[in-house]
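Everything below concerns the one structure shown next.
Just so it is clear, none of the values below were taken in a lab; they were calculated from the coordinates. The structure presented is a predicted model; accordingly, all values stated were derived computationally and were not measured. Positions of Cβ are backbone-derived with ideal geometry, glycine not excepted, and every protein chain shown enters the neighbour counts.
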Amino acid sequence: MDGKLPGKKFLIDMMYLRGYVSLYPNFPNQASFSTNHMEPGAHISAKDNVVKHDKTDFEVPLLKEDFRSFLPNGKFPPASKLPSLNLFNQPVSLKGLKAAGAKLGQDVLRCDQATEIVSVDHETGLPKQCAKF
């Protein structure tokens, strides 16, 4: 291993284990809060990548107006009213997401969720031990 561990992988794992969710807004014309600039990295311009990427396939226009005008009554609905999907793109309740993450967390490493967090081996990225916080 080259010592570079992708932070996004750990973020996704942590979110799954804790039952956290991400909100993906769907604005008109595919407008977004951010866009991809296609900087060289693990996928784009990698030495062994034979696929040629077209920037227009990845870039989306930035939202330039106040997004609250797109929300019902200018507010986000309660989280319990928003649709949620699991990692397999299947509908699931927020309670179901938390339960699935908690079950997997106990299968991986049993920590007291009220007082401990899972620390990882920085070389392998694998769960190492429970640590008090």
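Which order results if Asp13, Asp54, Asp121 are arranged by neighbouring Cβ count within 10 Å, fewest first?
Neighbour counts put them in this order, fewest first: Asp54, Asp121, Asp13.
Relative to the present Cα-Cα distance, how much length would full extension add between Asp66 and Met15 at 0.36 nm per residue of separation?
Gain on stretching Asp66 to Met15: 15.6 nm.
If I stretch the segment between Ser119 and Thr56 completely, what's the gain in nm (0.36 nm per residue apart, minus their alpha carbon distance), one decimal?
18.7 nm
Within 10 Å of each residue's Cβ, count the other Cβ atoms and sort Val92, Val118 from fewest upward.
Val92, Val118
Mind sorting Thr115, Thr35 by how few other Cβ atoms lie within 10 Å of their own Cβ, fewest first?
Exposure proxy ranking, most exposed first: Thr115, Thr35.
Please go through the residue pairs Lys55/Lys98; Lys9/Lys55; Lys75/Lys95 and name each one whose alpha carbons sit more than 29 Å apart in this structure.
Checking Cα-Cα distances, Lys55/Lys98 exceed 29 Å.
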